[in-house]
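Note sheet for the following structure.
The values are calculated or read from the model by the stated rules, or taken from the named source; none is laboratory data. Predicted, not measured: the structure shown is a model, and the values here were computed from it. Note: ideal-geometry Cβ built from the backbone for every residue, glycine included; neighbour counts use all protein chains shown. Keep in mind that these areas ignore ligands, DNA and RNA; they rest on the heavy atoms of the full protein, side chains included. Shrake-Rupley method; radii C 1.70, N 1.55, O 1.52, S 1.80 Å.
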Amino acid sequence: MVMSMTGDYGLPFPLADVLYADLFYALSADLITADYVGLHKVGDVECDHLAFSQETIDWQIWVEKSAKPVPRKIQITYKLEPGAPVYTMEVANWSQITEKPDAYRFVIPKDAIEIEMEPL
């Protein structure tokens, strides 16, 4: 879906990189640099702050420093896009996380109708 939106229709999809099933693999391919920045807070949560550089993007991730480390913030700079836009996503509440794949299955509403997309 994301690839279709961006490739076929030219619609930007900021932070689409975080939708990959294996986020680390998707974002760690072709790394140029990787640095541990230090301990920083995201909201009230203590996090390990890491920074990475690739040919087309620079990205940073803040991972909760706890028994169950989860990403709390991710920031991606798209270096080849005009103006090098920076997109940031913060996650404040991981209480609904489950490892049951069906919990994340998309169910099309009964009254939904399909529309045809046209290139811009």
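Mind listing whichever residues of the stretch 64-74 are surrounded by fewer than 17 Cβ atoms within 10 Å (Cβ to Cβ) and either touching a strand residue (DSSP E or B) at 6+ places or on another chain (Cβ under 9 Å) or on the phi > 0 side of the Ramachandran plot (or both)?
LYS65, SER66, PRO69, VAL70
Among the strands (runs of 3 or more DSSP E) lying completely within the stretch 42-89, list those that include at least 2 residues that are touching a helix residue (DSSP H, G or I) at 6+ places or on another chain (Cβ under 7 Å) and within 20 Å of SER28 (Cα to Cα). Give the derivation first.
Working: elements: 45-53, 57-64, 71-78.
Those strands (runs of 3 or more DSSP E) span 71-78.
Does GLU114 meet the test of being modelled with pLDDT under 90 and open to solvent by 70 Å² or more (accessible area, probe 1.4 Å)? Don't jump to the end; show me each part of the working.
Details: modelled with pLDDT under 90: yes; open to solvent by 70 Å² or more (accessible area, probe 1.4 Å): yes.
When the stated conditions are applied, GLU114 passes them.
So which residues in the stretch 93-111 are modelled with pLDDT of 70 or more, open to solvent by 100 Å² or more (accessible area, probe 1.4 Å) and part of a loop (DSSP other than H, G, I, E, B)?
The answer is ASN93, LYS100, ARG105, PHE106, ILE108, LYS110, ASP111.
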